[in-house]
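Asks: One structure coming up, written as C-alpha cells, with questions to follow.
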Amino acid sequence: MAVYRAFTVTGSRRFALVEREIRDPGPGEVRLRVEACGVCHSDTLAVEGRRADPSVPVVPGHEIVGIIEAVGPGVTAWTAGTRVGVGYLNGHCGQCESCRRGDFVNCTDQPWTGTTTDGGYAEIVYARASGLVRIPDGVNSLEVAPLLCAGLTVYRALLGIEARPGSLVAVQGIGGLGHLGIQYAKALGYRVAAIARGIGKAELAAELGADEYIDSTAADPGQALTRLGGAAAVIATASSGASMSPLVAGLGIRGRLVVVGAAPDPVEVRTPDLIFGTRSVTGALTGTAVENEDSLRLAHDRDIRSRNEIMPLSEAPKAYERMMSGDARFRVVLDAAA
Ligand SMILES: [Zn+2]
Ligand SMILES: [Zn+2]
C-alpha cells in the first residue's frame, strides 16, 4: 500500500505528522505530487482553529506547486506530468449562481485549500481541476509558490483600482504582501510610493522598485501622499486598521484605499474624506485561476520575485512559527523534496 506524509492540525496549533494511503483522484479532481508549499498568514484559519469544526483534522497550506500524478474521471484539460499550482480557491463549481454570473471567486461551492479541504503541508494533494494554475516553464517551484496567494492578492488588488499608467500608487507595509505589491505596482506601470515605519526599509523599497519612500513614524503618511499629489490608490497590507486610517486623506480624486491586510482593529474614516473627492475604501480577496496564470506570467516576464526562506516539509510546524513571528524575510516556503 502506497502512503504519503502530511501534517494535519486540530484544535489550536496541534500539529501531527500522519501517513495516509494514496487513493485515486475523484471525479473532476487531480492528484498532485507536491514540490513546494508557501506558508501564508491565512494558514491561521486552519492552524488556530478558526474554522467550522477544529476537531476535524485538516492539512494546512494553499500556495502549492506540484506535478499532476493522476487525473480523475471527467478531467480532460489536464494531463499527468504537468506542473501546476493551487492557491486558496480550490476550484469553482460552475453551477452556483455566482459561477453562472462568471464570478468564480465568490462561488458558494468552492473548497478553500488548507482550510475546508486538505492543503499543501504534505507530499500529496488532491485538488479540483477547475482551480489549477499553469506554471510558466523555467520558474523554480520553491521561488514561485508564494505568488499563488500573496502575489495574486496584490496583483488582483492592483487590477481593481483602474488607475492610469504613471499614476501614484502607494503600498503600505513592506512585508510578505508589501514587498510583492511594490514590484507588481511597478510592473503595471505605476509610480510607486512605499510606506513603512522608520527609515530601515528605505533602501529595500528602492531595490524593489519604489520611486518614493514615506516613513510613517516621521510624518502623517496621508499628508505625505497629498504632498506627492495624492494617491490614485493605496494597497494597505499592514495588519493594523489604525495604521490605515490616515491614508484615506492621502488619496487623490476618486482614489481608493484597498485593504488586503487583515487587522484586529477597525479602519476609521472621516466622512468628508470620502465625500469630497469621491474616495472609497474597499477590500480585495484573491483572484481566479486564470488571473493567477496572468499574474505568474507577468511576474516571470518582469522578474517579480518573492524573497523566501526555504524550510523542509518535515519542519512545517516550525515554518508556521517562523511565519507567525513576523521575522521572516519575507515568505516561508516548505520544500517537499528536502
Ligand atoms: Zn460555483
Ligand atoms: Zn494565502
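Asks: Kindly state which helices (runs of 4 or more DSSP H) lie completely within segment 233-338 and contain at least 1 residues that are β-branched (Val, Ile, Thr) and closer than 24 Å to Leu89 by Cα. Give the steps one after another, and end with the answer.
Replies: Numbers: elements: 241-244, 271-275, 289-302, 316-325.
Where helices (runs of 4 or more DSSP H) fall fully within segment 233-338 and carry at least 1 residues being β-branched (Val, Ile, Thr) and closer than 24 Å to Leu89 by Cα, they are 289-302.
Asks: Just checking, which of Gly120, Gly138 is surrounded by fewer than 20 Cβ atoms within 10 Å (Cβ to Cβ), in a loop (DSSP other than H, G, I, E, B) and more than 16 Å from ligand 1 (Cβ to nearest atom)? Full working, then the answer.
Replies: Numbers: Gly120 fails: surrounded by fewer than 20 Cβ atoms within 10 Å (Cβ to Cβ).
Checking each option against the conditions leaves just Gly138.
Asks: Moving on. Among residues belonging to segment 94-115 that are crowded, with 17+ Cβ neighbours inside 10 Å and part of a loop (DSSP other than H, G, I, E, B), point out the one that is farthest from ligand 1 (Cβ to nearest atom).
Replies: Gly114
Asks: For segment 30-51, indicate whether the set of residues that are within 28 Å of Asn140 (Cβ to Cβ), more than 22 Å from the chain's Cα centre (by Cα) and surrounded by fewer than 24 Cβ atoms within 10 Å (Cβ to Cβ) is non-empty.
Replies: Yes, segment 30-51 contains at least one residue that is within 28 Å of Asn140 (Cβ to Cβ), more than 22 Å from the chain's Cα centre (by Cα) and surrounded by fewer than 24 Cβ atoms within 10 Å (Cβ to Cβ).
Asks: Now a separate question. Starting from segment 53-76, take each residue that is in a loop (DSSP other than H, G, I, E, B) and list its partners that are surrounded by fewer than 16 Cβ atoms within 10 Å (Cβ to Cβ), counting only C-beta distances under 6 angstrom and pairs at least six apart or across chains.
Replies: Pro54/Gly11; Gly72/Gly26; Gly72/Pro27; Pro73/Pro27; Gly74/Pro27
Asks: For Gln110, state whether it is closer than 20 Å to Thr153 by Cβ and either within 16 Å of ligand 2 (Cβ to nearest atom) or more than 16 Å from the chain's Cα centre (by Cα) (or both). Walk me through it before giving the result.
Replies: Working: closer than 20 Å to Thr153 by Cβ: yes; either within 16 Å of ligand 2 (Cβ to nearest atom) or more than 16 Å from the chain's Cα centre (by Cα) (or both): yes.
So Gln110 passes the test.
Asks: Take segment 301-329 and flag every residue that is within 20 Å of Leu158 (Cα to Cα) and either buried (at least 17 other Cβ atoms within 10 Å of the Cβ) or at pLDDT below 95 (or both).
Replies: Ile304, Arg305, Ser306, listed by residue number.
Asks: Right, Ser243: open to solvent by less than 60 Å² (accessible area, probe 1.4 Å), out of contact with any helix residue (DSSP H, G or I) (no Cβ under 8 Å at 6 or more places or on another chain), modelled with pLDDT of 95 or more and hydroxyl-bearing (Ser, Thr, Tyr) or not?
Replies: Numbers: open to solvent by less than 60 Å² (accessible area, probe 1.4 Å): yes; out of contact with any helix residue (DSSP H, G or I) (no Cβ under 8 Å at 6 or more places or on another chain): yes; modelled with pLDDT of 95 or more: yes; hydroxyl-bearing (Ser, Thr, Tyr): yes.
For Ser243, the condition - open to solvent by less than 60 Å² (accessible area, probe 1.4 Å), out of contact with any helix residue (DSSP H, G or I) (no Cβ under 8 Å at 6 or more places or on another chain), modelled with pLDDT of 95 or more and hydroxyl-bearing (Ser, Thr, Tyr) - is met.
Asks: Can I ask one more? Every residue in segment 288-317 that is under 16 Å from Ala150 (Cα atoms) and basic (Lys, Arg), please.
Replies: Arg297, Arg305, Arg307
The values are calculated or read from the model by the stated rules, or taken from the named source; none is laboratory data. Just so it is clear, the model here is predicted, and its values are computed rather than measured. In this analysis, Cβ positions are derived from the backbone assuming ideal geometry, glycine residues included, and neighbour counts consider all displayed protein chains. The accessibility values were calculated without ligands, DNA or RNA, using every heavy atom of the protein model including side chains. Shrake-Rupley method; radii C 1.70, N 1.55, O 1.52, S 1.80 Å.
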